Amino acid sequence: MALLYRMIGSQIVTSQSSKSGTTFGPELLIHLRDGRRRAQLEERLRELVRDGVLPAGTRLPSSRALAGDLSVSRRLVVDAYAQLHAEGYLVARHGAGTYVASTGSVADGLAAAPQVPALSFDFFPGAPDLASFPRALWLRALRDVLRSAPPSAFSYPDARGALPLRRALAAYLRRVRGVVVEPSSIVICAGATQGLTVLGRALSRDGVGEIAVEDPGLPPHRAVLAYAGLKVRGARVDEEGLDVDGVSARVVLATPAHQCPTGVVLSPRRRAALIGWARGGGLVIEDDYDAEFRYDRAPLGALQGLAPDRVVYLGTTSKTLAPGIRLGWLVVPAALTDAVVEAKLLDDLGSSTIEQLALARLLETAAYDRHLRKARRWNRARRDALIAAVDKNLPQARVSGISAGLHALLRLPRAVDAQRLLTLAAKRSLGVYPLSLHMIDPPALTDALVLGYANLTEPAIEEGLRRLAAVLGELE
């Protein structure tokens, strides 16, 4: 009898045939023909170990269970295990079973893939402090949810998202961001990226052919919208934010609270112009990606509150908690809701319910607000550390943009070759990100760097700027 397995990372996930599977260990794709069955079993086990399908430390099925699955005698399996133990492929742990030996297996099925060393000082923009993820709060919320959730919570989810989260988010967004929202207008997504994906597909099916995006902006967002079938047009950004007069499409993606990546805020004059443009028949997608982090004053309310029927509001936990949580949301005008929900349903049948309920619990108990207050203190201190390190190591450079968010724009004293800069920085285990890479048509030279600081300690920020100064010195 054949037993089916598949690998996801280093974990073996099993699927059973009509007979019951093994009691312990992974199920194995082994089919024994008539004759020399023990030799066949030994050779198949050797292949699985050598190829890394069974990584070191994997517990094998008990001899009794595997014999039953293969319809052979237990003695045959015992003898095969003994032979592979003698050859060094397997080890037996008294009273605990049989395991793959560390000397007989590659680390995992992807061991042959080249490993890219992690950068010691990576100023990746937009990453929060991953070490400060509120593990205790999240674990408590998960436990509460698993203890109290009804059986229906484990069924296929509502494509719009779990109602408790949509209710909690509606209350939070009204209170903190001034969003005009009801639970029925929220669609929960796997992060802002999926939100743009399903929105782009809905717009494309509705006959929208083009979308304007801020230039410079986020390259992944442009790629997602293009993949959804939209033609992406650039719209200029200056010190007042998006130049509304340059928007040539029916739909525009904007970051009014904190432009990504330049760090400017959309000026009052431009906000009024953008709202006027939307009310004249346009549609704004407001990416409010890090508006919770304003350090010099209270943040401006969301643009959506001024024209809720002409603005789609996009939010995420990727900056406030961690990108690995994969939770974001769209607040969608009524005219678009059905199309967006359909696109979400066809994309993945709905986001994971348990994580949604855990986030709802954090919002309902104000644990989310408490975490944000702490995160603001940490991030502001690190932004201050970045400015101090620039003053010390690169006195001719300057940090521009408002005091907000998780990244800052470093204006260099002169333009440098972007590719050579990246190469020299990597040799010093330093990750920096030229502004030119955020442009639709990136030039060879760049005069600014987009530096994320939230996921670096203050000493690491200082050392990273010292290394950056050395790199720029080589480019002179």
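The values are calculated or read from the model by the stated rules, or taken from the named source; none is laboratory data. None of these values were measured; they are calculated from a predicted model. Ideal geometry is used to build each Cβ from the backbone, glycine not excepted, and the neighbour counts take in all protein chains shown. When the accessible area is computed, the model is the full protein with side chains, heavy atoms only, and any ligands, DNA or RNA have been set aside. Shrake-Rupley method; radii C 1.70, N 1.55, O 1.52, S 1.80 Å.
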Any hit, the range 303-318, residues being assigned to a strand (DSSP E or B), on the phi < 0 side of the Ramachandran plot and among the small types (Gly, Ala, Ser): yes
message: So the check is Cβ under 9 Å with 6+ separation or different chains; which pairs have a first residue in the range 351-368 that's more than 14 Å from Tyr156 (Cα to Cα) and aromatic (Phe, Trp, Tyr) and a second one that's open to solvent by 20 Å² or more (accessible area, probe 1.4 Å) and assigned to a helix (DSSP H, G or I)?
response: Tyr368/Leu137
message: Given the criterion charged (D, E, K, R) and under 25 Å from Phe293 (Cβ atoms), identify the matching residue among Arg236, Arg205, Arg222.
response: Arg222
Boolean, Ala86 is part of a helix (DSSP H, G or I) and open to solvent by less than 30 Å² (accessible area, probe 1.4 Å): no
- request: Scan the range 192-215 and give yes if some residue there is more than 28 Å from Leu345 (Cβ to Cβ) and either part of a helix (DSSP H, G or I) or of a type outside the set (A, V, I, L, M) (or both), otherwise no.
  value: yes
- prompt: Under 7 Å by Cβ, and 6 or more places apart or on different chains, what pairs join a residue from the range 312-336 that is closer than 13 Å to Gln356 by Cβ with one that is among the charged types (D, E, K, R) and open to solvent by 10 Å² or more (accessible area, probe 1.4 Å)?
  reply: Ile325/Glu355; Leu327/Glu355
statement: Across (1) within 23 Å of Leu139 (Cα to Cα); (2) open to solvent by less than 60 Å² (accessible area, probe 1.4 Å); (3) touching a helix residue (DSSP H, G or I) at 6+ places or on another chain (Cβ under 8 Å), Ala339 clears everything bar (1)
- prompt: What are the residues in the range 388-412 that are open to solvent by 10 Å² or more (accessible area, probe 1.4 Å) and within 16 Å of Glu463 (Cα to Cα), if any?
  reply: Ala388, Asp391, Lys392, Asn393, Leu394, Pro395
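Only residues that are out of contact with any strand residue (DSSP E or B) (no Cβ under 7 Å at 6 or more places or on another chain), more than 17 Å from Asp296 (Cα to Cα) and assigned to a loop (DSSP other than H, G, I, E, B): list them for the range 250-270, please.
If the condition is that a residue be out of contact with any strand residue (DSSP E or B) (no Cβ under 7 Å at 6 or more places or on another chain), more than 17 Å from Asp296 (Cα to Cα) and assigned to a loop (DSSP other than H, G, I, E, B), then Cys260 is the only one that fits.
Quick grid of which residues meet (1) open to solvent by 10 Å² or more (accessible area, probe 1.4 Å); (2) among the hydroxyl-bearing types (Ser, Thr, Tyr); (3) in contact with a helix residue (DSSP H, G or I) (Cβ under 7 Å, 6 or more places away or on another chain):
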| residue | (1), (2), (3) |
| --- | --- |
| Pro125 | yes, no, no |
| Ala131 | yes, no, no |
| Pro150 | yes, no, no |
| Ala153 | yes, no, yes |
| Ala170 | no, no, yes |
| Val179 | no, no, yes |
| Ala192 | yes, no, no |
| Gly200 | no, no, yes |
| Asp206 | yes, no, yes |
- prompt: In this structure, is Ser351 outside any loop (DSSP other than H, G, I, E, B), in contact with a strand residue (DSSP E or B) (Cβ under 7 Å, 6 or more places away or on another chain) and among the small types (Gly, Ala, Ser)?
  reply: no
- request: Please give the number of the condition Ile387 fails out of (1) out of contact with any Lys or Arg (no Cβ under 6 Å at 6 or more places or on another chain); (2) in contact (Cβ under 8 Å) with a residue 24 or more places away in the chain; (3) not in a strand (DSSP E or B).
  value: (2)
task: Return only the number of the condition from (1) surrounded by 17 or more Cβ atoms within 10 Å (Cβ to Cβ); (2) at pLDDT 90 or above; (3) touching a Phe, Trp or Tyr at 6+ places or on another chain (Cβ under 7 Å) that Gly104 does not satisfy.
output: (2)
query: Do we find a residue being more than 16 Å from Tyr172 (Cβ to Cβ), polar (S, T, N, Q) and surrounded by fewer than 24 Cβ atoms within 10 Å (Cβ to Cβ) anywhere in the range 297-317?
result: no
